[in-house]
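Structure first, then comments.
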Ligand SMILES: NC(=O)c1ccc[n+]([C@@H]2O[C@H](COP(=O)([O-])OP(=O)(O)OC[C@H]3O[C@@H](n4cnc5c(N)ncnc54)[C@H](O)[C@@H]3O)[C@@H](O)[C@H]2O)c1
C-alpha cells in the first residue's frame, strides 16, 4: 500500500547489489511512494550485482560511483541533477565493506591498510556524500540524508571487528554534518541502527546465523527485516519527520533496550 509520501521528491540511493539489499528494497518502496530516483553503486558491483534489473523495474538510471572517490561523487551529483531536473531531496548511504572481515582477520591482528579501507568505504564516504553534495549545491532545503549502522558501534560484538569502529565514525559524522546542514539548509542527517539482516554484507560476517537467531530471540518484536527497514527509511525521507536530525535511530524490534529475554533464559537453563 502506498501513501504518496515521496511525491515530487528526487533522490540518490546507493548500495543496491541484489534483491536482498536494504537499498534495493528502499528503492522499490521510494518509487512506489512517488519518488524519482538515481541508483548508484561501485563500478565493480555493476558487474557482480543485478542492479540493472532493479533499474528497469523502477525506471531509474544508474550512475556508477566508488563512494570513496570525490571525483566519482561529483559526477554522480552533477549527472543526477541533469537527469532528474533539480536538486536532491534525499540521499541514502547504504554502503559497508571491511577487507579485514572479508579475509577473516581477527581484531588483534588487523591489517592496517585494510582497516583504513574499511573506514574510508564504510564511514568517510558518508562524509564525502554530504560534503560533495553541499559544495555542488545539489541538496534541497529540508532534505534528508540517511546512513545505515549497527549496534556494534555502542556495544562490543567480537565478530564485527573493525566495522564496529567504522560504524562509530559513521554515527559521529551524522551528528557533526547534521549540525552543519541543519543550520545552513534545514537538512536532516540520521543513521538507522538496523537488526541483523540476511544480505551479502550481513551474512559475510563470521557467526552471522547464530547472532541473527540470538537477536531474534532477544527482541520482543523479533528482528526488523530489510522490508521493515525500507519503510522506516521512506518515513525519514518524507515530510512527516522534518524535525528528526543528528540521531542514531534503533530499528531493531526492541533489541537495544532488552537486557535478557525469556527465550534466552530458557536456552541457558537447558
Ligand atoms: N545486513 C545487516 O545485518 C546489517 C545490519 C546493520 C547495518 N547494515 C548496513 O546496511 C548497509 C547496507 O548493507 P546491506 O546489508 O544491504 O548489504 P549489501 O551487501 O546488499 O550492500 C552493501 C553495499 O555496499 C556497496 N559498496 C561496497 N563498497 C563500495 C564502494 N567503494 N562504493 C560504493 N558502494 C560500495 C556494495 O556494492 C553493496 O551494494 C551497510 O552499511 C551495512 O553495514 C547491515
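No lab work stands behind these numbers, since they all come straight from the coordinates. All values reported here derive from a predicted model rather than from experimental measurement. Because the Cβ atoms are built from the backbone with ideal geometry, glycine has one as well, and the counts that use them run over all protein chains shown.
Percent of alpha carbon pairs in region 45-98 separated by more than 12 Å? The share of Cα pairs beyond 12 Å in region 45-98 comes to 72 percent.
Here the extension length gained between residue 154 and residue 179 equals 6.9 nm, from 0.36 nm per residue of separation less the Cα-Cα distance. Between 169, 244, 132, the GNM of the chain built on Cα springs shorter than 10 angstrom shows 244 fluctuating the most. Rg over Rh for region 10-269 works out to 0.96, using Cα positions for both radii and the Kirkwood form for Rh.
Using a 10 Å cut-off around each Cβ, can you sort 13, 264, 192, 119 from fewest to most neighbouring Cβ atoms?
So the ranking, lowest neighbour count to highest, is 264, 119, 192, 13.
From the C-alpha gyration tensor of region 101-188, pull out the three semi-axes of the equivalent ellipsoid (sqrt of 5λ each), sorted largest to smallest, in whole Å.
For region 101-188, the ellipsoid semi-axes come out as 29, 13, 8 Å.
Model label sites at residue 70 and residue 116, defined 7 Å from Cα along the beta-carbon direction, differ in position by 1.6 nm. Estimated from the Cβ-Cβ distance and a Förster radius of 51 angstrom, the FRET efficiency linking residue 198 and residue 136 is about 0.90. Contact order, relative form, for region 10-269: 19 percent (alpha carbon pairs under 8 Å, 6 or more residues apart, mean separation divided by residue count). Cα centroids of region 31-87 and region 198-243: 23 Å apart. Build a GNM of the chain with springs between Cα atoms under 10 Å apart, and of 161, 258, 197 the one that fluctuates most is 258.
The distance between label points at residue 48 and residue 241 comes to 2.8 nm (points 7 Å beyond Cα on the Cα→Cβ vector). A Gaussian network model of the chain, with springs between Cα atoms under 10 Å, assigns the largest mean-square fluctuation among 42, 123, 30 to 42.
A helix-only calculation puts the chain at -13500 deg cm²/dmol for mean residue ellipticity at 222 nm, using -39500 (n - 2.57) for each DSSP H run of at least four residues, averaged over all residues.
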